[in-house]
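Structure first, then comments.
We did not get these values from a lab; they are worked out from the coordinates using the rules stated. Predicted model only: the values in this text are computed from it and were never measured. Cβ coordinates were reconstructed from backbone atoms using ideal geometry, including for glycine residues, and neighbour counts include every protein chain displayed.
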Amino acid sequence: METATVNPKTSISSATSEAPLTPEHIMKIGMGFWASKVLLTAVEFELFTRFAAQGPMTAAQVRKSLGLHCSERNVLDFLDALASLGFLHRQGLLAAAKYDNGPETAFFLDKKKPAYIGGILEMANSRLYGIWANLANAMRTGKQQNEAVEGEDFFAKLYSDQARLREFARAMSGVQMGAFTTFVRSFDFSKAKTLLDLGGSDARLSLMVAKQHPHMTCISFDLPPVHPIAHASIVQSGLGHRVTAAAGDFFTDTLPKADVITMGNILHGWSEEKKIALMRKAYDALPPGGAFVVLETIIDDDRRQSTFGFLMSLNMLMETQDGFNFTLNDFKGWAETAGFKRVELIPPAGPNSAAVAYK
Ligand SMILES: C[S@@+](CC[C@H](N)C(=O)[O-])C[C@H]1O[C@@H](n2cnc3c(N)ncnc32)[C@H](O)[C@@H]1O
């Protein structure tokens, strides 16, 4: 075999550092949907839940258990892809290999565990994957790309299908677990007695606050179709004496008064005008010194770091058309307009932070 000597002067190198350029990063991101779809398909198959229940399995056992009709070789490729991405643990090789959950998938992707975050991945697979195929169209037209046609109320459309409503509620809880946990532990609730969570979905945040802070009483406020879901999770939690589900519209109804008002992944769904309108309503429902807390992906002020924030913001274009994610500086400006005295940031847990405005 011939070996070639590379002349450093003629090899591909970066203009600034002489470090050799490789297309690796471009290919990794450009073809990233392959890896993403393998994980999402494993979640769709409830593969991690099966491993948790049944223990290690060979490819042949997985094929039988999932009722697959592709070849055993295809199943081996699928499982080895998951193992090489760090989602499965493998012992042995090919037909003799036994596969099992890795520590993260065992903890976060077993449907039977309370820490299950697969709801967002289930929705990513069934809705967002298809919606994101239309990013270019969204950018060419400036129009949303989901189930709702232009001008139609997104939530009314989404919630017209019970299965989709439940999937959406499960997805929301999954994506916010880290941010909710950090907020519940690090926010100072000592001077507060009441919390109102606007757009509270399945009441997850209210229940977490009530559990961690026994002096707190919470209301989870959401649109009427969501009420039965919130009510059911409150009854199941046994915290019904301190957590209530309220049905209403945060744009048109008078809000219940509370010492702390939270909004998780709400503001990013609306135009700047509607964001400020919601912040004014929260301001009016708070006592002096009360806190308005926004739990979502806050983009860094210099707009350099927050890749997830930019992607989430594009997701809002596809889902709501007018919605967008924002920086802490943006939030400060709107808080000032709404009358709040000062703003602080509770550092991020995963991609999401809590921005707090005090009245
Ligand atoms: C993106 S989800 C966020 C759910 C939850 N707060 C979280 O952080 O995961 C938005 C929520 O706002 C609710 N919502 C939308 N429009 C609303 C309105 N006009 N009044 C009350 N709730 C509304 C939706 O039903 C949904 O539960």
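Structure notes:
- Across the range 104-202, the fraction of Cα-Cα pairs farther apart than 16 Å, rounded to a whole number, is 69%.
- Computed 3J(HN,Hα) for the range 47-53, one whole-Hz value per residue from the Karplus formula 6.51 cos²θ - 1.76 cosθ + 1.60 where θ = phi - 60°, is 4, 5, 5, 5, 4, 4, 7, glycine and proline marked x.
- Cα-based shape type of the range 320-359, given that a ≥ b ≥ c are square roots of the gyration tensor eigenvalues and the cut on a/c is 1.5: oblate
- Each principal axis of the Cα cloud of the range 24-108 was evaluated for its coordinate range; sorted largest first, these ranges are 38, 29, 24 Å.
- Here the Gaussian network model covers the chain, with springs between Cα atoms less than 10 Å apart; of Ser233, Ser220, Ser201, Ser233 fluctuates the most.
- Phi-based couplings in Hz for the range 136-151 (Karplus 6.51, -1.76, 1.60; Gly and Pro marked x): 4, 5, 4, 6, 5, 9, x, 10, 5, 10, 9, 5, 7, 7, 3, x
- Summed residue charge, Cβ within 12 Å of Gly333's Cβ, Lys/Arg positive, Asp/Glu negative: -2
- Exposure proxy ranking, count of Cβ atoms within 10 Å, fewest first, for Arg304, Arg164: Arg304, Arg164
- DSSP finds beta bridges in the range 176-358, and of those with both partners inside it, around 40 percent are antiparallel.
- Largest-first ellipsoid semi-axes for the range 176-358, taking √(5λ) over the Cα gyration tensor eigenvalues, angstrom: 24, 18, 17
- Exposure proxy ranking for Ile276, Ile299, based on other Cβ atoms within 10 angstrom of each Cβ and starting from the fewest, stands as Ile276, Ile299.
- Taking the centroid of alpha carbons for each part, the range 47-82 and the range 212-290 are 43 Å apart.
- Listing Ile234, Ile117 from fewest to most neighbouring C-beta atoms within 10 Å gives Ile117, Ile234.
- Here's the list of aspartates and glutamates a cross-link from Lys37 could span, going by alpha-carbon distance under 16 Å and ignoring same-chain residues fewer than 8 apart: Glu46, Asp77, Asp80, Glu122.
- Across the range 218-231, coupling constants 3J(HN,Hα) worked out from phi with the 6.51/-1.76/1.60 Karplus curve, θ = phi - 60°, read 10, 10, 9, 10, 7, 4, x, x, 7, 3, x, 5, 5, 4 Hz, and Gly and Pro carry x.
- Max-minus-min Cα coordinates of the range 197-266 on each principal axis give 31, 25, 21 Å, with the largest extent listed first.
- Volume per residue that the Cα convex hull of the chain spans, once the total is divided by residue count, Å³: 194 Å³
- Counting DSSP beta bridges with both ends in the chain, the antiparallel % (nearest 5): 45 percent
- Modelled label reach - Gln236, point 7 Å along Cα→Cβ, the range 102-144 residues with backbone N closer than 18 Å: 108-123
- Listed by chain and number, the aspartates and glutamates placed with their C-alpha closer than 19 angstrom to that of Lys359 are Asp188, Asp197, Asp259, Asp284, Asp330, Glu336, Glu344; residues fewer than eight positions away on the same chain are left out.
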